[in-house]
Amino acid sequence: SPAGVEPLLAVLEDADLHVRLHAVEALGAIEDRRATPGLLRALRAPEVELRRAAAEALAEVEDPSAVAALAGALREDRDAEVRRGVAHALGEIESPHSAAALTTVLRDGDPHVRRAAVHGIGETGVREAPAALLDALRDGDRQVREAAAGALGSIGDARAVPGLRAVLRDTDPEVRRAALHALTELEAEIPNDVLLEALRDPDPEVREIAAHALGDRRE
């Protein structure tokens, strides 16, 4: 409960790591922004387990005042799991500043971090697709490309249409499905020839999406 925030913050100074971990997890579950300063201190702890837990807790708290500190951790922390958690936390905060921070790690060496960043950008409420997100459609990791297509569909920026159309030729059927789904979510009109070509896709789910989109067409 909210009444537990102050006592739990005090426990973040406990000598026992497991006690501090449980306190961080509890503060995340309470989702009270008074916990933000303490959780940000935990995000700078030497123990990687504590930093990981703090990142996940900050994702629950969703405090816009934490964006700058989260962006710093995203750039500087050497642990990929911490960076992934921080990317998740930034994605939970609807702010263009969150999206800007997430674009900085779309070339991170760990695909899980890139995937979390791509997904997060789509959740931040931005209405214009960052150029780096369009570039992520060509990422070497299949799941990053799939997430990028989904994020572009969520953002709804018609400038993504050419990139998404190109991804309809991706070698992975899940990426093609995500791209076609995204195209159907955009307000821009998809030419019939794009959907007709998708009807000939070797993947039955791609063909199903195309058939459904054609059925929704109005003369």
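Every read-out reported here was derived from the displayed coordinates using simple, explicitly stated rules and does not represent laboratory data. Computed from a prediction, not measured in an experiment: that's the story for all the values here. For neighbour counting, all protein chains shown are included, and Cβ atoms are generated from backbone atoms with ideal geometry for every residue, glycine included.
It is to be established whether one or more residues within segment 105-112 are under 30 Å from Leu152 (Cα atoms), crowded, with 21+ Cβ neighbours inside 10 Å, β-branched (Val, Ile, Thr) and touching a helix residue (DSSP H, G or I) at 6+ places or on another chain (Cβ under 8 Å). Within segment 105-112, one or more residues are under 30 Å from Leu152 (Cα atoms), crowded, with 21+ Cβ neighbours inside 10 Å, β-branched (Val, Ile, Thr) and touching a helix residue (DSSP H, G or I) at 6+ places or on another chain (Cβ under 8 Å).
Of all residues in segment 130-145, those satisfying the criterion of being more than 14 Å from the chain's Cα centre (by Cα) and of a type outside the set (A, V, I, L, M) are Asp135, Arg138, Asp139, Gly140, Asp141, Arg142. Does Leu50 fit the bill of being surrounded by 24 or more Cβ atoms within 10 Å (Cβ to Cβ) and over 23 Å from Glu185 (Cα atoms)? Considered against the rule, which asks whether it is surrounded by 24 or more Cβ atoms within 10 Å (Cβ to Cβ) and over 23 Å from Glu185 (Cα atoms), Leu50 comes out as no.
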